[in-house]
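Here is the structure we will look at, set down as structure tokens.
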Amino acid sequence: MATRRHFLKISAAAGLAPAVVSAQGRARVVVIGGGFGGATAARTLKATQPLLDVTLVEPNPVYTSCPFSNSVLASLREIGQQQFRYDGIKAAGVTVAETSATAVDAEAKTVTLVDGSRLPYDRLVMSPGIDFTWNAIQGYDEAATEKMPHAWKAGAQTVLLRRQLQAMDDGGLVVLSSPANPFRCPPGPYERASLIAYWLKIWKPKSKLLLLDSKDAFSKQRLFQNGWAELYPGMIEWVPLSQGGKVTAVDPATLTLTTEFGSHKAAVANVIPPQKAGAIAVQAGVADRTGWCPVEPVAFESTLRPNIHILGDAAIMGGMPKSAFAANAQAKVCAAAIVKLLAGEKPQDPIVINTCYSLLAADYGISIAGVYRPDGRQLTDIPGAGGASPLEAVGGLRGQEALYASSWFRTITAETFG
């Protein structure tokens, strides 16, 4: 067995600063959550500094991707095409613990697993995703999701909602409710409405979709609404907050959704409830009263607990939205910053990019991009650095963007999971 002195020599030769080496031999980074944020952080950490001891804690052997899961509802993809294993991450040298984290002790710097064992860390990365705020809508709890699926965590709920659509009689009313900000994937409900309408137009053309919204405005609104008028005239009705769009109660037994302005009985009801950071974030003490996790904008370290970094949907990232692309980009920045911090160096201020594609049909795509940098205590949008698809498209641009969306998905999943 190599002595500590010998290990330090090897570390120096490999470019690993002595400060990165802990008393146990190597600096240890534990990553909780194997989605686009956590998996990317684990791989990037190991690739950037191979001598780090990196452990990814993720209970599911297969990850089911939310991006492109709306295409499953439209029968453009199968759920199996959304699923990815962690073999590539293991091959990259990351230890994958296929179990759940039940507790984080920020003072002792340990993560407790289901079996009671503890993983010590020098730095902890948390990418816990979202949980739902049950009963924020009267009558909507976990049991109600079997009648009124949310399908906002891809997998069984996605399959259930698809089956309900397929079983619905032609001429039925699909009702989709969208929550107030913030929530995972702001354009997601509107892409979902589009792709459900795409499927209805082919298979159940007498049917309609009612979109009840807890907001008066939404991401890429004019692009979506122009597309709806072009592709699905008279099929999609959007009801904003000010016109009675906020759902206050549901009755799963009768598939009825109630707003301040009246009630709507659905043939299929898709209720997307309000959200918050995953439960482990609350237990760890990194979530504030909003239910989300405040972070500083350089290394995404928690402002509530030292040595813990939060990525992706769970984090408050200022102007940067909650998306898979954002989580992936944040993970790369965070990994580079952690390597610097473990070496006793100051991380550089990052420039972080987010791009979001949405499909309105199999061959009709739109997009929006933003570029962000630290400004005080948060990330802010760099004016003029981003942009969106033009409102007037020529030369098959919408079809090209649909192809770009597919290419993006193949690239990000290959990069993340191998």
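Values quoted throughout were computed directly from the atomic coordinates according to the rules given, and no laboratory measurement underlies them. No experiment lies behind these values; they were computed from the predicted model shown. No Cβ is skipped: glycine too gets one built from the backbone with ideal geometry, and neighbour counts run over all protein chains shown.
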Exercise for the section: Return one number: the angle in degrees, 0 to 90 and rounded to the nearest 10, between the long axis of the Cα atoms of helix 221-231 and the longest principal axis of the Cα atoms of the chain. Expected result: 50 degrees
Problem - Environment charge at Pro50 (Cβ cut-off 15 Å; Lys +1, Arg +1, Asp -1, Glu -1) - result: +4
Handout entry: Around Asp170: net Lys/Arg minus Asp/Glu count, Cβ-Cβ under 12 Å
Key = +3
Exercise for the section: Compute the long axis of helix 397-417 from its Cα atoms, compare it with the longest principal axis of the Cα atoms of the chain, and write down the angle in degrees, 0 to 90, nearest 10. Expected result: 30 degrees
Practice task
Grab the Cα-Cα distance for Ala229 and Glu345, subtract it from 0.36 nm times how many residues apart they are, and report the gain in nm with one decimal.
Solution key: 36.4 nm
Practice task
Please report, in debye to the nearest 20, how large the charge dipole of the stretch 135-273 is about its Cα centre when each Lys and Arg carries +1 at its beta carbon and each Asp and Glu carries -1 there.
Solution key: 340 debye
Problem - Relative contact order [Cα under 8 Å, 6+ residues apart], the chain, whole percent - result: 18 percent
Fill in the blank from the handout: Length-normalised contact order of the stretch 135-273, Cα under 8 Å, at least 6 apart, in percent, tallies to 35 percent
Completion exercise
The answer for Gly318, listing residues at least 5 apart or on another chain whose modeled amide H is closer than 5 Å to its amide H, is Leu379
Practice task
List every residue whose amide H lies under 5 Å from the amide H of Ala154, counting only residues 5 or more places away in sequence or on a different chain, with H placed 1.01 Å from N in the peptide plane.
Solution key: Cys66
Completion exercise
Per-residue ellipticity at 222 nm attributable to helices in the chain (runs of n ≥ 4 DSSP H, -39500 (n - 2.57) apiece, nearest 500 deg cm²/dmol) works out to -8500 deg cm²/dmol
Exercise for the section: Determine ³J(HN,Hα), in whole Hz, for all residues of the stretch 276-290 in sequence, where each value follows from phi through the Karplus function 6.51 cos²θ - 1.76 cosθ + 1.60 and θ = phi - 60°; x replaces Gly and Pro. Expected result: 7, 5, x, 4, 5, 5, 5, 4, 6, x, 9, 9, 9, 5, 6
Practice task
Apply the Karplus parameterisation 6.51 cos²θ - 1.76 cosθ + 1.60, with θ equal to phi minus 60°, to every residue of the stretch 349-360 and state each ³J(HN,Hα) to the nearest whole Hz, in sequence, with x for glycine and proline.
Solution key: 5, x, 10, 10, 10, 10, 10, 10, 9, 9, 9, 9
Exercise for the section: Using label points projected 7 Å from each Cα along Cα→Cβ, tell me how many nm separate Lys265 and Thr48, to one decimal. Expected result: 5.7 nm
Exercise for the section: Would you kindly give the portion of the calculated P(r) for the chain that falls above 41 Å, as a percent of all Cα pairs? Expected result: 18 percent
Practice task
Give, to the nearest whole percent, the P(r) tail of the stretch 135-273 beyond 22 angstrom, counting all Cα pairs.
Solution key: 32 percent
Exercise for the section: Loop sites only, by DSSP: take the GluC sites (Glu not before Pro) in the chain that have at most 13 other C-beta atoms within 10 Å and name the longest stretch containing none of them. Expected result: 143-259
Completion exercise
Inverse of <1/r> over all distinct C-alpha pairs of the stretch 249-316, i.e. the Kirkwood Rh in Å, gives 14.3 Å
Practice task
Could you tell me the number of lysine pairs in the stretch 135-273 with C-alpha atoms less than 17 Å from each other, where the two lysines are 8 or more residues apart or belong to different chains?
Solution key: 5
Handout entry: Local electrostatic count at Ala327 - Lys and Arg +1, Asp and Glu -1, tallied over other residues with Cβ under 11 Å
Key = +2
Completion exercise
Helix 4-13 sits off the longest principal axis of the Cα atoms of the chain, rounded to the nearest 10 on a 0 to 90 degree scale, by 60 degrees
Problem - Share antiparallel - DSSP beta bridges, the stretch 135-273, percent rounded to 5 - result: 35 percent
Fill in the blank from the handout: In the stretch 288-367, the trypsin sites (Lys or Arg not before Pro) that sit in a DSSP loop and have at most 15 other Cβ atoms within 10 Å of their own Cβ are Arg289
